[in-house]
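Colleague: My questions will all concern the structure given below.
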Amino acid sequence: MASTDIIDNWIPIEWDSNVIQRVQMDSAVERYGYPVPMKSATKRVLRSAGLTVTAGTTYTPDSSTNDYITLTARRFISQFVVDEDDLADAESIVDVLNTKGMDWAISYSDAFDNACLAVSATENGTTVPFTSVYKALRTTNSATSYTADDNYLSWDDDNIAIASTPNGTSLYEKLSTLLKKVETGAFWSLADSLVIAAPGWRDALRLATDAQGRPIFIQGTAGTPDTLFNVPIHWSRGCKVSATMAAAPTGNDVLIFCNRQYLKRGDRTNPESLIDQARAQDSTDDTAAKFRVRRGFGVAHEKAFALLERITD
């Protein structure tokens, strides 16, 4: 037998475990998304659109629309199978679980961020689990008076990154214009501001300066985050355009300015694992393990976000 004590039920992965710590480190939405507890498969969350304020002694009813976004929990799952001849004792099972758990953490982080941030297709619940930030910003929403591409820009990386000769196409100008789209609106908060970007942006940002040659990208030291215009950056491998959810997307790099309070992450169940040996009725002697988590996601308001897509040849 592979072990005398085999786990035979779904076991929650402890939050202080290496697996969870890796998820928190890699996934922007897991780390910074606003948590919404879910006790059912769907949950309505009131969209925030401000409140009418007047002075005097007569109250004026608020005129904003009290509409909702609906979070739907999707199951993110993985499975692996190993021949029991390769598992000599209980310690081997633990080692395999730890290794595969880390593999799952990395792949899940990238796939989940991709689904939430940069998938370009319409939500279908499987290959496209959610309406991503990218899709939301490129789609008109009458409920929020948002027009498609209002908060979307693209940048052709053939253009010089510096702004020594401003012409409207340099990366500095594009980023400054992008930030203005959110920092001048009602949904911006410096305390909750965040940049989420694909690591492929690093090379361009290192070259980007203003007209006086001053860098706008500051690399963090001693544990402090990298910053762009003094806004902290979280690097996410999933922040690349993809037609459907992918753990290793290959599309254009995306950079997003956002108020993280409007990244609504629905928490239905936390990560958990299950491992079981072969049964007498099975045709092979294999031990199988599964990992799963149920999460929802929604963009609370498009105007809390601005996105720049890097166009490459």
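The values are calculated or read from the model by the stated rules, or taken from the named source; none is laboratory data. The shown structure was predicted, so the numbers you read here are calculated from the model rather than taken from an experiment. Note: ideal-geometry Cβ built from the backbone for every residue, glycine included; neighbour counts use all protein chains shown.
Colleague: Restricting to the range 112-147, count the residues that are under 12 Å from Val299 (Cβ atoms) and of a type in the set (Ser, Thr, Tyr).
Modeller: Going through the range 112-147 one residue at a time, the tally reaches 6.
Colleague: I'd like to check something: does the range 156-175 contain any residue that is modelled with pLDDT of 90 or more and of a type in the set (Ser, Thr, Tyr)?
Modeller: No, the conditions are met nowhere in the range 156-175.
Colleague: In the range 83-100, how many residues are surrounded by 13 or more Cβ atoms within 10 Å (Cβ to Cβ), modelled with pLDDT of 70 or more and over 31 Å from the mean Cα position of the chain (by Cα)?
Modeller: Looking only at that region, the number is 1.
Condition check ((1) surrounded by 13 or more Cβ atoms within 10 Å (Cβ to Cβ); (2) within 16 Å of Ala247 (Cβ to Cβ); (3) at pLDDT below 90) across all residues:
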residue	(1), (2), (3)
Met102	yes, yes, yes
Phe112	yes, yes, no
Leu117	yes, yes, no
Thr122	no, no, no
Lys135	yes, no, no
Ala148	yes, no, no
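Colleague: List the number of the failed condition for Asp253; all other conditions in (1) more than 23 Å from Ala73 (Cβ to Cβ); (2) in contact with a Ser or Thr (Cβ under 7 Å, 6 or more places away or on another chain) hold.
Modeller: Result: Asp253 fails condition (2) only.
Colleague: Return the pairs, sorted by first residue and then second, in which the second residue is hydroxyl-bearing (Ser, Thr, Tyr) and not in a loop (DSSP other than H, G, I, E, B), the first residue lies in the range 204-231 and is without any contact (Cβ under 8 Å) to a residue 24 or more places away in the chain and surrounded by 17 or more Cβ atoms within 10 Å (Cβ to Cβ), the beta carbons are less than 8 Å apart, and the residues are 6+ apart or on different chains.
Modeller: Phe217/Thr227
Colleague: Scan the range 133-159 residue by residue and report those that are under 22 Å from Trp235 (Cα atoms) and touching a residue at least 24 places away in the same chain (Cβ under 8 Å).
Modeller: Result: Val133, Tyr134, Ala136, Leu137, Asn151, Tyr152, Leu153, Ser154, Trp155, Asp156, Asp157.
Colleague: So Leu194 passes all but one of these: (1) within 11 Å of Leu308 (Cβ to Cβ); (2) at pLDDT 90 or above. Which condition number does it fail?
Modeller: Tallying (1) within 11 Å of Leu308 (Cβ to Cβ); (2) at pLDDT 90 or above, Leu194 fails exactly one: (1).
Colleague: I'd like the residue in the range 176-213 that is among the aliphatic types (A, V, I, L, M) and over 21 Å from Leu263 (Cα atoms) and, out of all such residues, is farthest from the chain's Cα centre (by Cα).
Modeller: Among those that are among the aliphatic types (A, V, I, L, M) and over 21 Å from Leu263 (Cα atoms), it is Ala211.
Colleague: Specify the residue that is farthest from Thr169 (Cα to Cα); the eligible residues are those in the range 269-299 that are small (Gly, Ala, Ser) and either buried (at least 22 other Cβ atoms within 10 Å of the Cβ) or free of Cβ contacts under 8 Å to residues at least 24 places away in the same chain (or both).
Modeller: Ala280
Colleague: Quick one: in the range 189-203, of everything that is out of contact with any helix residue (DSSP H, G or I) (no Cβ under 6 Å at 6 or more places or on another chain) and buried (at least 18 other Cβ atoms within 10 Å of the Cβ), which residue is farthest from Ser170 (Cα to Cα)?
Modeller: In this case the residue turns out to be Ser193.
Colleague: Under 13 Å from Ser132 (Cβ atoms), touching a residue at least 12 places away in the same chain (Cβ under 8 Å) and within 14 Å of the chain's Cα centre (by Cα) - does that describe any residue in the range 300-309?
Modeller: yes
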